[in-house]
Amino acid sequence: MASARGEFSSRLGFVLAAAGSAVGLGNIWNFPTQAASNGGAAFLLVYLVLAFTLAYPALMAELIIGRHAHANAVQALQRISPNAPVRMFGRTAGLIGLAVASLILSFYGIVAGWMIAFCISSFASVLGLESVSAWLVSFGFARNVIFMLLFMGLTIAIISRGVQDGIERWSARLMPMLILTLVLLVIYVLTLDGASEGLKVYLLPDFHRALSPDLILRAMGSSFFSLSLGVGTMLIYGSYIDDSQNLPLVGGMVTLVDISIAVLAGFLVLPAMYVALHNGVEIFGPGGELLSEDTLVFSVLPELFTTMGPTGVLVSILFFFLMTIAALTSSISMLEVPVAYCIEEHNVSRKTGVYAIGGAIAAFSTVILLNFDTLFGFVISLTTRYSEPLLGFVFCVYAGWILHRDKLLQELRKGNPGIEQGLFWKIWPWWVRVVCPTVILAIFAQSIWG
């Protein structure tokens with residue numbers, strides 16, 4: 001028999017869980033390194049604009065569809081479809097979103113495993129176990145598989161306990177730890193020599209570079225990846241919200257928390273890069289390009305920690321502990337997407353669905369590791385730069401064109417009876433109907449055809 005649908009117990013529980021889903025490696029690994037590679041402040045400026053004008057409206061589309069249907073992404077899109085062809089399209093889009101969420105988790109588990117290994121490596125150094133420490137930071141198949149499986153095991157353990165006892169409870173524990181650790185690290189790094197140069201790069205924009213089509217595409221991908229959009233994670237979380245909640249308010253809270261932590265992470269990573277440069281660590285190539293963009297936190301930052309002496313060991317432990325928490329708060333939402341579908345569509349128990357799907361994703365992660373040079377970067381680009389925004393486009397179309405306006409208003413009234421008089425209702429319906437789809441497609445057309 002299938003498990004009963006869960007529900008978040010409170011507004012705070014949802015905000016912490018949804019913010020935890022949004023706050024992950026996209027904020028602390030992807031966003032700062034993308035900013036460092038794409039003009040610093042220019043990327044930050046474009047990211048902020050797109051986060052509020054595209055990502056937040058798309059987030060609201062997912063939350064509204066999810067709560068209206070109280071179902072997984074596949075069933076939700078089918079239920080609001082008016083006829084058979086649209087239902088078939090909705091089912092296909094939902095299944096693609098499920099596949100994309102699984103693909104993201106497949107590379108996420110690998111990267112998160114590295115975070116755990118680097119964190120333990122710092123402990124090993126303190127204990128004088130230098131050979132163990134060296135193995136933990138080496139790029140080897142055995143290490144990669146072991147720690148990927150460890151991380152996936154943690155994710156599976158949390159999701160198997162359900163919505164309140166698993167997702168909500170652990171998000172409430174992990175999010176405060178994440179924020180506190182990040183703030184402490186930012187405060188410390190900003191006191192170091194060279195940090196001010198990184199702040200200049202991060203805060204003084206080159207407006208000419210901000211108009212680059214490639215930068216805009218990357219910023220859009222980062223904003224969607226950062227907010228866990230386009231794969232159904234926010235839709236499924238929306239389906240677990242009770243009808244008394246004010247959706248625009250809680251959606252806005254999640255967006256603000258997510259963007260704030262991404263921006264705060266930039267205050268950590270970019271100054272740290274220039275602290276490393278000040279300490280003699282090479283971070284740029286001969287042409288001025290950033291070295292090791294995708295592996296910055298595993299190459300440049302550990303070298304920085306080494307130059308800091310005994311203090312660097314503590315900072316390294318805190319940093320990679322922070323990254324592990326960020327990864328875990330997001331991975332649980334990604335796994336919930338296919339698990340919820342499996343429970344509701346195929347009538348399996350939660351534990352059976354979690355173990356089967358989690359195991360399958362771990363197996364694909366192993367395939368990526370066996371073909372790392374070919375698959376790793378390809379899966380990241382396919383999912384975060386292309387699939388997520390395009391699926392976000394589909395959710396915007398469903399919320400703006402297919403979900404009837406009266407039903408849309410009725411859904412929003414549940415948590416805010418006076419929504420019609422507010423600014424949100426005056427702007428969002430036509431914005432998500434016209435502006436969001438048009439801008440997303442225009443950016444894609446520009447990126448493909450120049």
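Numbers for the structure displayed
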{"item": "Region 111-139, residues that are surrounded by fewer than 23 Cβ atoms within 10 Å (Cβ to Cβ), touching a residue at least 60 places away in the same chain (Cβ under 8 Å) and of a type in the set (Phe, Trp, Tyr)", "result": "123"}
{"item": "Residues of region 403-450 classified as within 24 Å of the chain's Cα centre (by Cα) and not β-branched (Val, Ile, Thr), total", "result": "8"}
{"item": "Checklist (1) more than 30 Å from residue 321 (Cβ to Cβ); (2) not in a loop (DSSP other than H, G, I, E, B) applied to residue 71, failing item", "result": "(2)"}
{"item": "Conditions (1) more than 24 Å from residue 47 (Cα to Cα); (2) more than 23 Å from the chain's Cα centre (by Cα); number of the one not met by residue 400", "result": "(1)"}
{"item": "Conditions (1) hydroxyl-bearing (Ser, Thr, Tyr); (2) part of a loop (DSSP other than H, G, I, E, B); (3) under 19 Å from the mean Cα position of the chain (by Cα): number failed by residue 155", "result": "(2)"}
{"item": "Test: residue in region 242-253 that is surrounded by fewer than 18 Cβ atoms within 10 Å (Cβ to Cβ), closer than 18 Å to residue 384 by Cα, in contact (Cβ under 8 Å) with a residue 60 or more places away in the chain and not β-branched (Val, Ile, Thr)", "result": "no"}
{"item": "Subset tally (residues that are surrounded by 19 or more Cβ atoms within 10 Å (Cβ to Cβ) and out of contact with any Ser or Thr (no Cβ under 9 Å at 6 or more places or on another chain)) for region 80-110", "result": "5"}
{"item": "Selection status of residue 257, crowded, with 18+ Cβ neighbours inside 10 Å and either farther than 28 Å from residue 73 by Cα or out of contact with any helix residue (DSSP H, G or I) (no Cβ under 7 Å at 6 or more places or on another chain) (or both)", "result": "no"}
{"item": "Any chance residue 380 is in contact (Cβ under 8 Å) with a residue 60 or more places away in the chain and in contact with a Ser or Thr (Cβ under 7 Å, 6 or more places away or on another chain)", "result": "no"}
{"item": "Qualifying residue in region 153-165 (condition: surrounded by 14 or more Cβ atoms within 10 Å (Cβ to Cβ), under 30 Å from residue 350 (Cβ atoms), charged (D, E, K, R) and in contact with a helix residue (DSSP H, G or I) (Cβ under 7 Å, 6 or more places away or on another chain))", "result": "no"}
{"item": "Meets criteria (at pLDDT 90 or above, closer than 29 Å to residue 336 by Cα, touching a Leu at 6+ places or on another chain (Cβ under 6 Å) and of a type outside the set (Asp, Glu)) for residue 117", "result": "yes"}
{"item": "Residues of region 121-147 that turn out to be outside any helix (DSSP H, G or I) and of a type in the set (A, V, I, L, M, F, W, C), as a count", "result": "3"}
{"item": "Helices (runs of 4 or more DSSP H) contained entirely in region 193-254, each with at least 2 residues that are out of contact with any helix residue (DSSP H, G or I) (no Cβ under 7 Å at 6 or more places or on another chain) and not aromatic (Phe, Trp, Tyr)", "result": "195-203"}
{"item": "Residue in region 158-171 that is free of Cβ contacts under 8 Å to residues at least 24 places away in the same chain, within 28 Å of residue 371 (Cα to Cα) and not polar (S, T, N, Q) present", "result": "no"}
{"item": "Filtered residue count, region 52-70, keeping only those that are closer than 20 Å to residue 32 by Cβ and surrounded by fewer than 24 Cβ atoms within 10 Å (Cβ to Cβ)", "result": "1"}
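To keep it simple, each residue is scored yes or no on (1) part of a helix (DSSP H, G or I); (2) farther than 26 Å from residue 174 by Cα.
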{"position": "14", "(1), (2)": "yes, no"}
{"position": "19", "(1), (2)": "yes, no"}
{"position": "30", "(1), (2)": "yes, no"}
{"position": "39", "(1), (2)": "no, yes"}
{"position": "43", "(1), (2)": "yes, yes"}
{"position": "50", "(1), (2)": "yes, yes"}
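Table: residues versus (1) β-branched (Val, Ile, Thr); (2) modelled with pLDDT under 95.
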{"site": "317", "(1), (2)": "yes, yes"}
{"site": "323", "(1), (2)": "no, yes"}
{"site": "346", "(1), (2)": "no, yes"}
{"site": "356", "(1), (2)": "no, no"}
{"site": "373", "(1), (2)": "no, yes"}
{"site": "376", "(1), (2)": "no, yes"}
{"site": "395", "(1), (2)": "no, yes"}
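The values are calculated or read from the model by the stated rules, or taken from the named source; none is laboratory data. Because the structure is predicted, anything quoted here is derived from the model rather than measured. Counting neighbours? That spans all protein chains shown, and the Cβs are built from the backbone with ideal geometry, glycine included.
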